[in-house]
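Before any comments, here is the structure.
Where a number appears in this text, it was derived from the coordinates with a stated rule and is not lab data. Note that the coordinates shown come from a computational prediction; the quantities given were computed from them, not determined experimentally. Using ideal geometry, Cβ is built from the backbone for each residue, glycine included, and neighbour counts are taken over all protein chains shown.
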Amino acid sequence: MFKLFRVLVAAAVVGSSFSIAQAAEPIKVLFLSKSSGFQHSSIKENSTGSNHVADTLAKMSESGDFVVTSTKDASMINAKTLNGFDVVIFYTTGDLTQTGTDQQKEMTGTGVAELLNWITAGGGFMGYHCATDTFHMSDGSTSPYVNMIGGEFLTHGKQFKGKVNVIDKKHPTMKGFQDGWEILDEWYVFKNKNKEDMHVLATLDPGTQRDKQPKQYNIPDYPIIWCSTMGEGRVYYNGMGHREDVWNREAFQASVWNAINWASGNGKTKAEPNYADVVED
């Protein structure tokens with residue numbers, strides 16, 4: 001059984017690259033890693049009952065800037081529980097209302113509606129990598145969850161070193177993010193993108209993979225990090241993070257912290273739709 005980990009640390013860690021001036025109260029983060037579909041190695045239970053991404057977030061939280069509750073119990077996505085958090089992070093797959101692959105507790109039938117209502121009222125939502133491989137519709141239509149997160153997993157090829165080009169260098173979530181960062185990861189291709197609401201933060205350049213893996217990647221550069229607003233709430237998605245070593249990188253952890261801080265409502269929103277201006281379909 002997956003254990004529930006909560007880290008409450010008040011003292012800042014000297015020299016932390018993702019720490020900022022201490023806020024009056026740390027940001028309260030709920031991290032959900034339930035896999036009703038495929039379960040990624042980075043969120044499989046380890047010997048302590050935690051997982052690699054949860055451990056990474058726990059280590060980051062030692063800065064004192066945020067506290068994190070990590071769980072695979074999707075029933076925690078309900079109105080009462082969400083009201084105790086500022087930000088929710090999903091690293092999930094499949095229909096979370098089903099027990100599915102990891103056999104952890106499922107979300108109730110009203111869970112998605114309660115999540116969307118919480119975001120609309122001012123909550124912050126973040127999704128990493130396979131969060132877009134969640135709540136597909138069997139008839140091919142776009143689910144309310146997918147419309148919220150901004151895109152839906154379509155396919156991926158073999159892992160390769162992709163180039164991430166920053167589109168909005170002034171956005172708070174992209175502070176310090178290296179333009180043209182080349183990193184080995186598994187790169188999703190998306191369908192059902194919410195172009196009307198999406199603010200593209202960075203795109204993926206598949207480079208030579210257009211020739212090596214044309215079935216998946218013979219396409220123009222496409223959004224890989226984006227954000228949007230939903231009512232009073234903020235939504236952020238980053239397609240990176242399949243590999244454990246991506247989460248180990250200090251630069252990636254810094255981007256996670258910047259996104260947490262932004263999603264919680266701090267700083268300028270800067271989420272005006274820009275898809276049509278920056279993406280060549």
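If you restrict to DSSP beta bridges whose two residues both lie in the chain, what percentage is antiparallel, to the nearest 5?
On the way: 27 of 48 bridges.
Among the beta bridges of the chain, antiparallel pairing accounts for roughly 55 percent.
So what J values fall out for the range 56-67 if you push phi through Karplus, 6.51 cos²θ - 1.76 cosθ + 1.60 with θ = phi - 60°, rounded to Hz, Gly and Pro as x?
5, 5, 5, 5, 4, 5, 5, 5, x, 6, 8, 10
Tell me the net charge near residue 270. Cut-off is 12 Å between Cβ atoms, residue 270 excluded, with +1 for each Lys or Arg and -1 for each Asp or Glu.
Working: positive: 169, 170, 175, 234, 268; negative: 168, 272.
So the environment of residue 270 carries a net charge of +3.
Taking every alpha carbon pair in the chain, what does the distance histogram look like in 10 angstrom bins from 0, in percent?
Result returned by the calculation: 7, 31, 39, 20, 3, 0.
Can you give the helix-only mean residue ellipticity at 222 nm for the chain, where every DSSP H stretch with n ≥ 4 adds -39500 (n - 2.57) and the sum goes over all residues, rounded to the nearest 500 deg cm²/dmol? Spell out each step's value before the answer.
Values: 9 runs with 60 residues, N = 281.
Helix contribution divided over all residues of the chain: -5000 deg cm²/dmol.
Explain nothing, just compute: Karplus ³J(HN,Hα) = 6.51 cos²θ - 1.76 cosθ + 1.60, θ = phi - 60°, for every residue of the range 268-273 in order, whole Hz, x for Gly and Pro.
5, 6, 6, 10, 4, x
What size of dipole, in debye to the nearest 20, comes out for the chain about its Cα centre when the only charges are +1 on Lys and Arg C-beta atoms and -1 on Asp and Glu C-beta atoms? Can you show the working numbers first?
Working: 26 positive and 32 negative charges, 70 e Å.
The dipole of the chain has a size of about 340 debye.
Please list, in chain and number order, the residues 5+ apart from residue 135 or on another chain whose amide H is under 5 Å from its amide H, with Hs placed from the backbone.
Answer set, sorted by chain and number: 94, 95, 96.
Lys and Arg at +1, Asp and Glu at -1: add these up for the other residues within a Cβ distance under 12 Å of residue 221 and post the number.
Values: positive: 163, 210; negative: 205, 280, 281.
Net charge in that neighbourhood comes out at -1.
Quick one: which residues, 5 or more positions from residue 222 or on another chain, have an amide H under 5 Å from its amide H? H modelled 1.01 Å from N in the peptide plane, none for Pro or chain starts.
Amide H to amide H, under 5 Å and 5 or more residues apart or across chains, residue 222 pairs with 204.
Please work out whether the range 20-164 counts as rounded, prolate or oblate from its C-alpha gyration tensor, where a ≥ b ≥ c are the square roots of the eigenvalues and a/c under 1.5 means rounded, while otherwise a/b larger than b/c means prolate and anything else oblate? Walk me through the numbers on the way to the answer.
On the way: a/c = 1.45, a/b = 1.19, b/c = 1.21.
Rounded.
Of the listed pairs 28/268; 34/163; 59/169; 195/268; 163/215; 28/72, which have alpha-carbon separations greater than 24 Å here?
Numbers: 28/268 19 Å; 34/163 29 Å; 59/169 27 Å; 195/268 21 Å; 163/215 19 Å; 28/72 17 Å.
Violating the 24 Å Cα-Cα cut-off are 34/163; 59/169.
Which far-off residues, 5 or more places away or on another chain, put their amide H under 5 Å from the one on residue 69, with H placed in the peptide plane?
Under 5 Å from the amide H of residue 69 lie the amide H atoms of 29, 30, 31, each far enough along the sequence or on another chain.
Counting Lys +1, Arg +1, Asp -1, Glu -1, what net charge surrounds residue 99 among other residues with beta carbon under 14 Å of its beta carbon? List each step's numbers first, then the result.
Working: positive: 34, 72, 105; negative: 73, 95, 102, 106.
Taking every other residue near residue 99 into account, the sum is -1.
Across the range 142-154, in residue order, what do the Karplus-derived ³J(HN,Hα) couplings come to in whole Hz, using 6.51 cos²θ - 1.76 cosθ + 1.60 with θ = phi - 60° and x for Gly and Pro?
Karplus values, whole Hz, x for Gly and Pro: 9, 6, x, 5, 4, 4, 5, 6, x, x, 10, 4, 10.
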